[in-house]
Protein chains: 2
Amino acid sequence: MKFLLILSVILIFGYQSFAVDSVTASVREYRRANERRLLQDFLSLLSIPNVASDRENIRRNAAYLMEMMRQRGLKPQLLTAPSDENAPPSVYGEWTVRGAEQTIVFYAHYDGQPTDPKQWSGSQPWQPVLRSDALERGGRILSMPKENESVNPEWRVYARSASDDKAGVFAILQAFDALRAVKIQPSVNIKFFFEGEEEASSPHLKELVSRHKNLLKADAWIVCDGPVHQSGRKQVVFGVRGVTTVDLTVYGANRSLHSGHYGNWSPNPALTLAKLLSSMKDDDGNVIVKNWSDDVQPMGDLEKQAMKDAPQYDDQLKKQLGLARADGSNKSYLELIALPSLNINGMISGDVGALARNVVPATANAVLDLRLVKGNDNRRQFEKLKAHIKQQGFYTIDREPTAAERLQYPLIAKLIHRDGGYNAQRTPMDLPVSLSVVKAVQATSEQPVVKMPTLGGSLPLSIINENLNVPTITVPIANYDNNQHAENENIRLQNLWDGIEIFANLMTLEMRK
Amino acid sequence: MKFLLILSVILIFGYQSFAVDSVTASVREYRRANERRLLQDFLSLLSIPNVASDRENIRRNAAYLMEMMRQRGLKPQLLTAPSDENAPPSVYGEWTVRGAEQTIVFYAHYDGQPTDPKQWSGSQPWQPVLRSDALERGGRILSMPKENESVNPEWRVYARSASDDKAGVFAILQAFDALRAVKIQPSVNIKFFFEGEEEASSPHLKELVSRHKNLLKADAWIVCDGPVHQSGRKQVVFGVRGVTTVDLTVYGANRSLHSGHYGNWSPNPALTLAKLLSSMKDDDGNVIVKNWSDDVQPMGDLEKQAMKDAPQYDDQLKKQLGLARADGSNKSYLELIALPSLNINGMISGDVGALARNVVPATANAVLDLRLVKGNDNRRQFEKLKAHIKQQGFYTIDREPTAAERLQYPLIAKLIHRDGGYNAQRTPMDLPVSLSVVKAVQATSEQPVVKMPTLGGSLPLSIINENLNVPTITVPIANYDNNQHAENENIRLQNLWDGIEIFANLMTLEMRK
């Protein structure tokens, strides 16, 4: 029977099937018996607003996590940076295993992206709801299952941070609970590290890890953030892109003007911005800013092979996202996320919809995120962009223009390089810990695990690597269609359940020296 | 003395001085004696919110005007269009003069542009305040002058519609009051017509005037809207541009995407929109849409001469508005507003500021206003724009794209031609009524009145001309720096006082057959 099952999996999916191990089987049994309680606990965690700039609520989240850790005997403490003790703290806890020689830090972040509640459909960001399926497939809101009702793993929880990244926080803590419940001893000393301002670009992380170097010492950091592979297969990620954000403003007249009296005569900053942004990318979406990719460190052979082995998912992805084309002149998705990007997060001038007025707006503003790959540098990338803008004829400043400057320069751009950016990170795929982590995750899955040299997304892992001299490996758990960073963020329950099994296995991994 | 005064005016300003007439002198005396009351009455009128889409408050404005007319014995009535009796009504009143052979309709509108109260500085749109000067020159909020305090004509009132166009409504009704108070009989029968949805592009005006053709019959319509000349000189305007509005949306993926995971790969609609808008105008701001100005009817000799005689104010204007350059390849302001425009009122994709998120937005949206000149047609101009967008490779629709269309067409543009646009209007400058109006306005001013063939702004006058077969002439009163259509709209008190004198003179004009 088993042979036939494996054979049919190979025939249908074209790859070998794997067997799950005993840790996975035990944890799964425990989870099945406790699903309703787990779900309820997860919804409680999601109901606390968690935008990093909302300091009062961020503190409530931290206090809640402290209490969760206290109940588990994890000796929790709040870690902060010297320069701003009131910034969102990281919540730290630890569990020492007699005889264990190695230590792993499990990282997740408990803050979420800012969001406009008006953009959500049928529910609110911090009033989590259960849906019968994804919203775009008609998922309807469900009431909580009663004592005798089963929990369907295809149900989803909709809330800010349901996936990014309270799912990580939750899966890590529940994996620890599960191991204790089934009486399996972790193989390593465990440190828990939950950051509170990752979505604000981790402005204090560098300071904070420098201050607590001793406490945070470990043989590896395992980071839970981001989605599994688009194919649904679990993945282990060895690198992430860096990121840095630029705020760009261009100017028209010193006040909004009546578009009848001044339209055709007064320059319109929306058009000025449109032309400037257009100059940064060609019609295929390739960045054409000079030297943009000059310092990129090419992938090694192992990484190239892993990219080749990964499922090629571009066509399905386009279909699911309703795209007739992708950017990048027919390069593959994996090739493109291995390049530095320039993306418009937002662009505003004047108003549209009911507030639209017959004006020539006074300013136009865009926020750009620059994703960095290995070799790029945060400040250097910003300087390349600034040089490009100067090249287009703009006088560049980092504050509002003076009246004299307005009269002197026909084109003025205010460029703010937002703090807190960081560079890309890549951990070699053949380190012992790399192999151990892949093995542990594989033990939870019948399908082969995808080994990904880099994600498109960003995590502040270069800060960890550089300041603690420790390898970082990312193990994501969220469904890829989780609407991360957007409205209607969600997690599919099966992904949350999988996460518990994955982290239980990582806490019991066989770690070679 | 008088000769010396005239001479010095000629020496300083380079033009001949005029004397004001006895009507002006009497009305001025009346106004001076009643300024505080007039100011208080004006603030009451401004305190009723007046956006056309806010039907409840629009009705309150109409009721308030009905009451003002009733008190003056003007036999008021509300006029509506058959297709939507609940649309903002026009408020009509009349005053018959024994022996008068001619009739003039005085038009103004009581609705105002939509506005975002958050954009206002130190006051709210419908809580009018008095300031000691223009806000940008440090004007501070004043309390209402007491019984023994004088009213400084340089003070300003800040509120939505302070200039556009409740100033017109107010000046017309107060001019009528003033004439009665000083016992001067109007020379013509007077009809009052105050529209309630001009800023929403007068969607029902055509229907409404057709329905009430008999009631609205007249020898001329005199329209109060817009600003006086930038030089501060009073002006009589013989034409206005038409206007029509287009709502343009372009599409990326069917949902917002994480900019890390998808940036570089998923097309960004903000960039798509930027490139599309950029294709519509050259770097000097000239419209380069094919055939854009082909149907423009050139100015006649009289109009060309008037444009030459008008003060050339471009350099001062640029200085005041903080502009180092104007659009239009060195054509003059007056030449440029005599051409059809294409202006971006607003442009939005994703979010900026505190709400900015690391996403690839799902859509980008712009609202464009197309100003039309004599010869252009509303629908034809829209079709030219649509043809241009198709030419850029877009599949154009007037609704959301279907899932199948998204997968078929790499570039999709939703184009909505908002209803209610109208064409340009131009009244010949040598009609008897044209000469009479100039003479009447000149009688209120020591400086020569500017005769303007066309304003840059728009009024639905072609609807009046075409449906009632009557000439329209516009006599604006607002200060040119009134922030019309923008936040911090205001009127300078002297302009309001001038308006009362102007309309009193127009109600007593010598009308040649």
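The values are calculated or read from the model by the stated rules, or taken from the named source; none is laboratory data. These figures come from a predicted structure and were not determined experimentally. Counting neighbours? That spans all protein chains shown, and the Cβs are built from the backbone with ideal geometry, glycine included. Remember, those area values only see protein heavy atoms, side chains included, never the ligands or the DNA or RNA. Shrake-Rupley method; radii C 1.70, N 1.55, O 1.52, S 1.80 Å.
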If you scan the stretch A:200-222, which residues turn out to be more than 24 Å from A:D54 (Cβ to Cβ) and under 17 Å from the mean Cα position of the chain (by Cα)?
A:W221, A:I222
Considering only the stretch B:68-75, I want to know if a residue exists there that is open to solvent by 70 Å² or more (accessible area, probe 1.4 Å), in contact (Cβ under 8 Å) with a residue 12 or more places away in the chain and over 30 Å from B:V433 (Cβ atoms).
no
More than 14 Å from every other protein chain (Cβ to nearest Cβ), of a type in the set (D, E), closer than 16 Å to A:G239 by Cα and surrounded by fewer than 24 Cβ atoms within 10 Å (Cβ to Cβ): is that true of A:E466 in this structure?
yes
Give B:A403, B:A424, B:A413, B:A440 a once-over and let me know the one that is open to solvent by 40 Å² or more (accessible area, probe 1.4 Å) and not hydroxyl-bearing (S, T, Y).
B:A403
Scan the helices (runs of 4 or more DSSP H) fully inside the stretch B:203-321 and keep the ones with 2 or more residues being away from every other protein chain (no Cβ under 11 Å), touching a residue at least 60 places away in the same chain (Cβ under 8 Å) and open to solvent by 10 Å² or more (accessible area, probe 1.4 Å).
B:205-211, B:301-309
Would you be able to say whether some residue in the stretch B:187-202 is of a type outside the set (D, E, K, R) and more than 23 Å from B:T427 (Cα to Cα)?
yes
Is one or more of the residues making up the stretch B:441-460 under 20 Å from B:D225 (Cα atoms), away from chain A (no Cβ under 14 Å), in a helix (DSSP H, G or I) and touching a residue at least 40 places away in the same chain (Cβ under 8 Å)?
yes
Scanning the stretch B:338-383 for residues that are basic (K, R) and within 17 Å of the chain's Cα centre (by Cα) gives B:R371
Would you please name the residue that is nearest to A:W265 (Cα to Cα), looking only at residues in the stretch A:351-363 that are open to solvent by 20 Å² or more (accessible area, probe 1.4 Å) and within 7 Å of chain B (Cβ to nearest Cβ)?
A:N358
In the stretch A:446-463, how many residues are among the hydroxyl-bearing types (S, T, Y) and open to solvent by 10 Å² or more (accessible area, probe 1.4 Å)?
2
Going residue by residue through the stretch A:483-496, is there one that turns out to be assigned to a helix (DSSP H, G or I) and open to solvent by 30 Å² or more (accessible area, probe 1.4 Å)?
yes
Evaluation of B:A62 against (1) touching a helix residue (DSSP H, G or I) at 6+ places or on another chain (Cβ under 8 Å); (2) crowded, with 20+ Cβ neighbours inside 10 Å (one fails), failing number:
(1)
Residue selected from the stretch B:334-343 under the condition in contact with a Leu (Cβ under 9 Å, 6 or more places away or on another chain) and within 7 Å of chain A (Cβ to nearest Cβ), by the criterion surrounded by the fewest Cβ atoms within 10 Å (Cβ to Cβ)
B:I337
Could you tell me which numbered condition A:V236 fails, if it satisfies all but one of (1) within 28 Å of A:I344 (Cα to Cα); (2) aliphatic (A, V, I, L, M); (3) under 23 Å from the mean Cα position of the chain (by Cα)?
(1)
Mind counting the residues in the stretch B:239-259 that are small (G, A, S) and under 21 Å from B:N378 (Cβ atoms)?
2
Residues of the stretch A:312-332 that turn out to be farther than 28 Å from A:R379 by Cβ, at pLDDT 90 or above and of a type outside the set (A, V, I, L, M), as a count
11
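Yes/no per residue for (1) among the basic types (K, R); (2) assigned to a loop (DSSP other than H, G, I, E, B); (3) within 8 Å of chain B (Cβ to nearest Cβ):
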{"position": "A:N345", "(1), (2), (3)": "no, no, yes"}
{"position": "A:S349", "(1), (2), (3)": "no, no, yes"}
{"position": "A:N365", "(1), (2), (3)": "no, no, yes"}
{"position": "A:D369", "(1), (2), (3)": "no, no, yes"}
{"position": "A:K386", "(1), (2), (3)": "yes, no, no"}
{"position": "A:E400", "(1), (2), (3)": "no, yes, no"}
{"position": "A:A413", "(1), (2), (3)": "no, no, no"}
{"position": "A:I416", "(1), (2), (3)": "no, no, no"}
{"position": "A:M429", "(1), (2), (3)": "no, yes, no"}
Are any residues in the stretch B:402-411 within 9 Å of another protein chain (Cβ to nearest Cβ) and either small (G, A, S) or in a loop (DSSP other than H, G, I, E, B) (or both), and if so, which ones?
B:A403, B:Y409, B:P410, B:L411
How about the stretch B:190-201: which of its residues are open to solvent by less than 40 Å² (accessible area, probe 1.4 Å) and either touching a Gly at 6+ places or on another chain (Cβ under 6 Å) or outside any loop (DSSP other than H, G, I, E, B) (or both)?
B:I190, B:K191, B:F192, B:F193, B:F194, B:E195, B:E198, B:E199, B:S201
Conditions first: (1) more than 7 Å from chain A (Cβ to nearest Cβ); (2) crowded, with 19+ Cβ neighbours inside 10 Å; (3) among the charged types (D, E, K, R). B:K331 passes all but one, so which condition is the exception?
(2)
Is it true that B:Y480 is of a type in the set (F, W, Y) and surrounded by fewer than 20 Cβ atoms within 10 Å (Cβ to Cβ)?
no
Count - residues of the stretch A:65-93 that are under 22 Å from the mean Cα position of the chain (by Cα) and closer than 14 Å to A:V169 by Cα
4
What about B:S53, is it assigned to a loop (DSSP other than H, G, I, E, B), under 24 Å from B:C224 (Cα atoms) and open to solvent by 70 Å² or more (accessible area, probe 1.4 Å)?
yes
